[in-house]
Amino acid sequence: MNSDSHLDKDNIDKPISVTGTDNLPNLNIERIYSYLVSELNLKHSSVVNTVALLNDKATVPFISRYRKERTGNLNEIQIRNIQERFNYYQELEKRKLFIVSSISSQDKMTDELLLIIESSRDKQTLEDIYLPFKPKRTSKATLAKQKGLEPLSDIIFNQFNPDSDYETIISKFIDSEKGVNSFEEAVSGAIDILVERINDDSQIRGWLRDLIQRTGIFSVKVRKDWKDKKSKYEMYYKFAEPLKKTLSHRLLAVRRGAAEGVLSWNIDIDRERACQFMERKIVKNRNFIFLKELLRSIDLAFKRILLSLENEVFNLTLEDAETEAIDVFSKNLNTLLLEAPAGEKCILGVDPGFRTGCKLAVIDRSSKFLEYKTIFPHPPQSKKEDASRIIFELLKKYNVEIIAVGNGTASRETMSFIKNILDSDSPIDLISVSEAGASVYSASQVAIKEFPDLDVSVRGAISIARRLQDPLAELVKVEPKSIGVGQYQHDVNQVLLKKKLDFVVESCVNYVGVKLNTASEELLSYVSGIGPALAKNIIDYRNSKGLFSSRFDLLNVAKLGEKAFEQCAGFLRLGNSRNPLDNSSIHPESYPIVERMAKDIGLDVGSLFANSDSLAKIKIEDYITDTVGIITLKDIVLELAKPGLDPRQEFKNIEFDDKIQDISDLKEGMELSGKITNVTNFGAFVDIGVHQDGLIHISKISRSRFVRCPYDFVSVGDKVRVKILSFDTVLKRIDLERIENA
């Protein structure tokens with residue numbers, strides 16, 4: 001099982017075969033490695049070995065956790081960077097081969113052009129080079145060429161003083177059979193060819209693109225229909241700033257505003273400077289008889305190029321903005337998924353409501369659903385006594401330790417009602433829980449399959465209780481983008497967003513580890529090497545054969561072979577196993593090493609756990625082999641010192657001010673406690689218990705230090721103290737300031 005994961009010292013720097021390139025034998029893999037080494041500032045051996053592991057179907061969590069010697073101790077981010085950039089450069093190299101083949105088939109390839117193509121390191125530059133040779137649809141230029149006017153365009157472009165006069169030269173190209181009936185038609189056709197030729201010039205396009213990116217002014221204005229109307233885009237009604245300084249959230253906001261018909265935009269550049277550059281590049285003879293036609297061609301080409309590049313640069317800038325927005329979402333999601341769990345507590349979940357009542361659901365310490373009820377403590381029914389009785393019955397019947405209340409409609413009213421009926425010295429904690437994404441889960445096929453006979457709102461109450469007990473285990477059941485901890489997540493590239501967020505979920509799940517005998521199918525599907533199909537097979541095995549008693553029982557699961565076992569085993573935990581190592585992050589492939597360590601100091605394996613005195617006697621250098629190095633051995637000893645330690649922080653509750661339940665209860669200057677629900681590039685949103693999150697603008701996050709990036713100061717889930725600066729009950733806006741050192 002371990003043969004394919006050994007550290008091969010002899011082959012560490014040898015190039016490897018790359019999946020998907022069998023039909024492209026000339027693909028320059030070594031060139032890709034050199035790009036990655038220089039771009040990512042990594043060792044050649046680290047890059048080569050990481051790519052080899054990825055091509056061998058190893059997952060990023062597995063590689064970063066259990067193949068540190070092979071990668072040179074790269075972390076997940078570095079490995080994912082290698083994965084993403086390798087794919088980019090592999091596509092680039094494939095495109096180079098295609099372009100070389102295409103140009104060669106036209107008999108237009110030269111040694112100089114080949115060198116330029118092979119040295120290109122980005123796709124845009126490569127496409128600029130290929131543009132003149134790219135097969136085109138029928139255009140004015142192709143029609144003019146068909147009429148025999150290309151030689152005339154060459155005469156004008158090359159600017160050699162001809163022996164004949166203007167009329168004599170042009171008259172040679174007038175041919176009624178070819179559709180050229182006049183001087184004007186001949187000149188117009190030649191200009192069409194010249195415009196396309198200039199438009200296709202990679203140096204001109206590259207220079208102008210750079211000019212737009214460096215000096216372009218991003219100008220936004222309101223459309224006429226919205227000129228006198230209020231909207232959330234008012235700050236952009238008259239807006240202009242250098243494009244290179246425009247923040248990502250502003251670009252995305254303007255794009256959304258334009259899509260909604262409120263805003264319009266353009267990129268202004270120094271047109272005179274651009275035209276002068278093009279003239280210097282093209283005009284070589286100011287006394288040329290066709291100078292007027294040449295200048296006309298330059299002017300028309302400039303307008304055509306500018307229109308094309310303006311949209312291209314904006315889209316490229318938007319791509320960067322989308323990438324940044326996706327990174328924002330990823331950071332927030334990572335923090336949210338790794339929020340501290342309340343742990344193995346019996347919890348009463350409450351999905352609050354007014355007219356339809358509050359749904360109550362109890363889960364036990366293993367998160368198993370026990371019972372549900374509906375109460376109507378609020379108007380119009382106001383059955384407070386019945387509601388109190390039902391709550392107390394459930395609390396007593398199941399020894400409930402925590403009451404979790406969703407933070408949606410009627411949340412504060414429900415929190416106040418429950419707090420009033422509990423004794424002041426009650427040991428039961430009352431906690432507000434974010435409902436973000438809960439409604440999506442409640443109506444999903446996952447929820448229906450889990451609780452087919454329950455109402456949507458009851459499923460919501462169960463989910464609220466579970467996401468307090470273990471946020472990660474419950475939130476993996478919700479599509480990540482529905483959790484709502486990003487900015488403009490519905491506007492960005494959805495394929496890239498899903499890919500990135502799935503990476504985050506996978507990383508978090510494997511970082512924490514999963515309890516094999518209690519994990520849901522959805523949670524198991526994110527474990528390294530498993531996926532949806534094997535997750536279902538594991539659940540089926542558990543249902544038919546009973547609980548797993550050893551990690552090695554996984555090999556009896558249908559279609560779970562040795563490769564999948566290698567990838568997943570270290571991330572799965574078994575508290576009831578015959579082997580105590582099964583409840584640790586130590587991989588089964590390292591069990592023999594731990595057994596040797598225990599034997600060498602005269603103990604059994606179980607006695608090593610949390611035994612600092614015995615662990616201090618182990619000389620880990622004695623256990624280095626060709627496949628296991630000092631890094632892995634240190635990880636093993638660290639895990640033995642603190643076995644099964646949950647890496648997430650300790651759970652802490654936050655209490656809102658009972659007197660503040662609605663935005664109308666706020667006053668300027670008031671100080672309140674809150675919880676960070678979302679962090680963006682322009683600030684942080686805070687739940688202060690009034691059904692509407694307030695915003696701490698980036699300028700109000702710290703008084704003592706300049707804040708360039710909000711993430712350096714706050715994270716999703718942080719408990720903060722804030723001051724109310726202003727609020728608008730109509731627009732539902734609350735401006736906050738963070739009180740430092742509170």
### Query
When you go through (1) surrounded by fewer than 17 Cβ atoms within 10 Å (Cβ to Cβ); (2) under 32 Å from the mean Cα position of the chain (by Cα) one by one for S120, which number turns out not to apply?
(1)
### Query
Could you count how many residues in the range 155-198 are within 57 Å of the chain's Cα centre (by Cα), assigned to a loop (DSSP other than H, G, I, E, B) and among the aromatic types (F, W, Y)?
1
### Message
Show the residue pairs meeting these rules: Cβ distance below 8 Å; 6+ apart or different chains; first residue within the range 621-641 and more than 16 Å from R596 (Cα to Cα); second residue among the hydroxyl-bearing types (S, T, Y) and surrounded by fewer than 15 Cβ atoms within 10 Å (Cβ to Cβ).
### Response
A641/S612
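Do the conditions hold for E650, that is, is it surrounded by fewer than 17 Cβ atoms within 10 Å (Cβ to Cβ) and either within 29 Å of T71 (Cβ to Cβ) or acidic (D, E) (or both)?
Here the answer is yes, as E650 does meet what is asked.
When the range 199-220 is examined, which residues are found to be within 30 Å of G261 (Cα to Cα), touching a Leu at 6+ places or on another chain (Cβ under 8 Å) and assigned to a helix (DSSP H, G or I)? First the steps, then the outcome.
Kept after step one, since they are within 30 Å of G261 (Cα to Cα), are these residues of the range 199-220: 208-220.
Those left that are additionally touching a Leu at 6+ places or on another chain (Cβ under 8 Å): 208-209, 212-213, 216-218, 220.
Within the range 199-220, L208, R209, I212, Q213 meet the criteria.
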### Task
Count, please, the residues in the range 523-563 that happen to be surrounded by 20 or more Cβ atoms within 10 Å (Cβ to Cβ), small (G, A, S) and out of contact with any Phe, Trp or Tyr (no Cβ under 9 Å at 6 or more places or on another chain).
1
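Could you please find all residues in the range 38-78 being of a type in the set (A, V, I, L, M, F, W, C), in a helix (DSSP H, G or I) and surrounded by 17 or more Cβ atoms within 10 Å (Cβ to Cβ)? First the steps, then the outcome.
Initially, the range 38-78 is screened for residues of a type in the set (A, V, I, L, M, F, W, C), giving 40, 42, 47-48, 51-54, 58, 60, 62-63, 74, 77.
Checking which are in a helix (DSSP H, G or I) leaves us with 40, 47-48, 51-54, 60, 62-63, 77.
The answer is V47, V48, V51, A52, L53, L54, V60, F62, I63.
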### Query
Quick one: is G353 over 24 Å from V690 (Cα atoms), out of contact with any Pro (no Cβ under 7 Å at 6 or more places or on another chain) and either not basic (K, R) or not in a strand (DSSP E or B) (or both)?
no
### Query
Given the structure, is S544 of a type in the set (S, T, N, Q), out of contact with any helix residue (DSSP H, G or I) (no Cβ under 8 Å at 6 or more places or on another chain) and without any contact (Cβ under 8 Å) to a residue 12 or more places away in the chain?
yes
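If a residue must be of a type in the set (D, E) and touching a helix residue (DSSP H, G or I) at 6+ places or on another chain (Cβ under 7 Å), how many such residues does the range 259-304 contain? If you could, list the steps in order and put the result at the bottom.
First, the residues of the range 259-304 that are of a type in the set (D, E): 260, 268, 270, 272, 279, 293, 299.
With touching a helix residue (DSSP H, G or I) at 6+ places or on another chain (Cβ under 7 Å) added as a condition, the list becomes 270, 279, 293.
Residues meeting the conditions: 3.
Residue-wise test of (1) under 25 Å from D425 (Cα atoms); (2) polar (S, T, N, Q); (3) out of contact with any Lys or Arg (no Cβ under 7 Å at 6 or more places or on another chain); (4) surrounded by 17 or more Cβ atoms within 10 Å (Cβ to Cβ).
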| position | (1), (2), (3), (4) |
| --- | --- |
| G353 | no, no, yes, yes |
| Q381 | no, yes, yes, no |
| E393 | yes, no, yes, no |
| V405 | yes, no, yes, yes |
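Could you name every one of the helices (runs of 4 or more DSSP H) located completely within the range 437-515 that has at least 3 residues being within 23 Å of the chain's Cα centre (by Cα) and of a type in the set (V, I, T)? If you could, list the steps in order and put the result at the bottom.
Values: elements: 438-442, 445-450, 456-469, 471-475, 494-512.
Passing ranges, in order: 494-512.
Residues in the range 271-283: is at least one part of a helix (DSSP H, G or I), touching a strand residue (DSSP E or B) at 6+ places or on another chain (Cβ under 7 Å) and of a type in the set (A, V, I, L, M, F, W, C)?
If we filter the range 271-283 for residues that are part of a helix (DSSP H, G or I), which is where we start, we get 271-282.
Next, only the ones that are touching a strand residue (DSSP E or B) at 6+ places or on another chain (Cβ under 7 Å) stay: none.
For the range 271-283, residues part of a helix (DSSP H, G or I), touching a strand residue (DSSP E or B) at 6+ places or on another chain (Cβ under 7 Å) and of a type in the set (A, V, I, L, M, F, W, C): absent.
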### Task
Keeping to the range 527-557, report how many residues are of a type outside the set (K, R) and under 33 Å from the mean Cα position of the chain (by Cα).
15
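Which one of these is within 30 Å of D210 (Cβ to Cβ) and of a type outside the set (A, V, I, L, M, F, W, C): T138, T110, T168? Explain how you work it out, then say what you get.
On the way: T138 fails: within 30 Å of D210 (Cβ to Cβ); T168 fails: within 30 Å of D210 (Cβ to Cβ).
After ruling out the rest, the residue left standing is T110.
Residues are listed down the side, and each one gets a yes or a no for (1) touching a residue at least 24 places away in the same chain (Cβ under 8 Å); (2) surrounded by fewer than 15 Cβ atoms within 10 Å (Cβ to Cβ):
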position	(1), (2)
D200	yes, no
K224	no, yes
Y233	yes, no
F239	no, no
L243	yes, no
V262	yes, no
N285	yes, yes
#### Entry: Filtered residues of the range 221-240 (kept if not hydrophobic (A, V, I, L, M, F, W, C) and not in a helix (DSSP H, G or I))
K221, R223, K227, D228, K229, K230, S231, K232, Y233, Y237, K238
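Each reported figure results from applying straightforward, stated rules to the coordinates on display, with no laboratory input. Note that the structure is a prediction, hence the values are computed from the model and not measured. Cβ sites come from the backbone with ideal geometry, for glycine too, and all protein chains shown count toward neighbours.
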